[in-house]
1. Based on what the data block shows, is residue 30 under 30 Å from residue 129 (Cα atoms), at pLDDT 90 or above and not in a helix (DSSP H, G or I)?
2. Within the stretch 116-138, can one find any residue that is within 14 Å of residue 28 (Cα to Cα), touching a residue at least 12 places away in the same chain (Cβ under 8 Å) and out of contact with any helix residue (DSSP H, G or I) (no Cβ under 8 Å at 6 or more places or on another chain)?
3. Quick check: is even one residue across the stretch 77-87 surrounded by 10 or more Cβ atoms within 10 Å (Cβ to Cβ), outside any helix (DSSP H, G or I) and either modelled with pLDDT of 90 or more or over 35 Å from the mean Cα position of the chain (by Cα) (or both)?
4. All but one of (1) touching a residue at least 60 places away in the same chain (Cβ under 8 Å); (2) out of contact with any strand residue (DSSP E or B) (no Cβ under 9 Å at 6 or more places or on another chain); (3) under 28 Å from residue 53 (Cα atoms) hold for residue 163; state the number of the condition that does not hold.
5. Looking at the stretch 133-152, which of its residues are closer than 11 Å to residue 33 by Cα and either within 19 Å of the chain's Cα centre (by Cα) or in a helix (DSSP H, G or I) (or both)?
6. Checking residue 107 against (1) at pLDDT below 95; (2) more than 19 Å from residue 39 (Cα to Cα); (3) under 26 Å from the mean Cα position of the chain (by Cα), which test does it fail?
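The values are calculated or read from the model by the stated rules, or taken from the named source; none is laboratory data. Model, not experiment: these values are computed from the prediction. Every residue, glycine as well, gets a Cβ built from its backbone with ideal geometry; the counts of neighbours run over all protein chains shown.
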């Protein structure tokens, strides 16, 4: 009976020593190159295509308005001397109002484009983070460093992240 207690005590001591050694073990570190993940992921390409489709018509409309406005300004400059003072004033007022409207539409377009890009980027980064966390937990990684200056390829999980993202994030 004493032998069993001694063996049990020895086993507990060994288990505690092993757990302590594991706790003192160096953390497992991995790296990920986020620019590569974003650039090469199918989600980014899909989002880019979607955004282009959303804004292409507005962009073309704005360019057409600006072109028409430019032609109207040239016509006014050419014909200004032959117009009466009232006609000239009316035409200048109309051109100024159109210029303000076009500039406002261009600013609004840029704001909408930037906001949409920000939304898509945040959504994409959230998906990437979820995949990185899942892979890290599966591989027992304790720290993931994003975009290091240098890293050995053996600790780079970029390809794994891309593979999982392109498979739908599962």
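1. Numbers: under 30 Å from residue 129 (Cα atoms): yes; at pLDDT 90 or above: yes; not in a helix (DSSP H, G or I): yes.
Criteria met by residue 30.
2. yes
3. Yes, because at least one residue in the stretch 77-87 is surrounded by 10 or more Cβ atoms within 10 Å (Cβ to Cβ), outside any helix (DSSP H, G or I) and either modelled with pLDDT of 90 or more or over 35 Å from the mean Cα position of the chain (by Cα) (or both).
4. (1)
5. Going through the stretch 133-152, the residues closer than 11 Å to residue 33 by Cα turn out to be 144-151.
Within the stretch 133-152, 144, 145, 146, 147, 148 meet the criteria.
6. Condition not satisfied by residue 107: (1).
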